[in-house]
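J.: Structure in structure tokens, see below.
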Amino acid sequence: MKKIISTVEVDGEGLEALLGEHVLIKGFNYFYSGILSGVNDTDIILTEPKVVFQTGGYNTPGFDDAQALPASEWRVRTAAIESYGSWPLS
């Protein structure tokens, strides 16, 4: 039998590891793109934010259809995030 004996918290993992990078955030209702510029327990901040309607091929950089949001920063609740990762623009 295997048991978990202790839990170790590691700084700089998860969303924090992507700070400053261009990311794709897959949420429950929308996909968001931008530079991850802030992270806390409840929210993230994206600068140069866009809503992504069509990613296009996952093996090609950029998006087929991404519309800029009317703000320099956009916040997304971490509770609404399904998955995330770095996404190259070119």
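J.: Find the percent of Cα-Cα distances in the chain that exceed 24 Å, and round it to a whole number.
T.: Working: 958 of 4005 pairs.
That fraction is 24 percent.
J.: Mind listing the phi-derived Karplus ³J(HN,Hα) values for segment 66-81, rounded to whole Hz, using 6.51, -1.76 and 1.60 with θ = phi - 60°, and x for any glycine or proline?
T.: Taking θ as phi minus 60°, the curve returns 9, 10, 5, 7, x, 7, 7, 10, 9, 9, 10, 6, 5, 5, 9, 8 Hz for segment 66-81.
J.: Excluding D41 itself, calculate the net charge of residues whose Cβ lies under 15 Å from the Cβ of D41, where each Lys or Arg counts +1 and each Asp or Glu counts -1.
T.: Once all neighbours under 15 Å are counted, the net charge is -3.
J.: Something else: In percent, how large is the relative contact order of the chain, given Cα pairs closer than 8 Å and 6 or more residues apart?
T.: 29 percent
J.: If I model a spin label as a point 7 Å beyond the Cα along the Cα-Cβ vector, how far apart are those points for L19 and F53 in nm?
T.: Between L19 and F53, the label points sit 3.5 nm apart.
J.: Follow-up question, since we're still on this one. Run the numbers for D11 and T60: contour at 0.36 nm per residue of separation, minus the present Cα-Cα distance, in nm.
T.: Gain on extension, D11 to T60, equals 14.5 nm.
J.: I need K50, K26, K3 ordered by Cβ neighbour count within 10 Å, fewest first.
T.: Values: K50 18, K26 15, K3 4.
Ranked by crowding around the Cβ, least crowded first: K3, K26, K50.
J.: Related question: How would F63, F53 line up from fewest to most surrounding beta-carbon atoms within 10 angstrom?
T.: On the way: F63 18, F53 12.
Ranking F63, F53 by Cβ neighbours within 10 Å, fewest first, gives F53, F63.
Each reported figure results from applying straightforward, stated rules to the coordinates on display, with no laboratory input. From a predicted model like this one, the values you see are computed outputs, not experimental measurements. Positions of Cβ are generated from backbone atoms using ideal geometry, with glycine treated the same way; all protein chains shown enter the neighbour counts.
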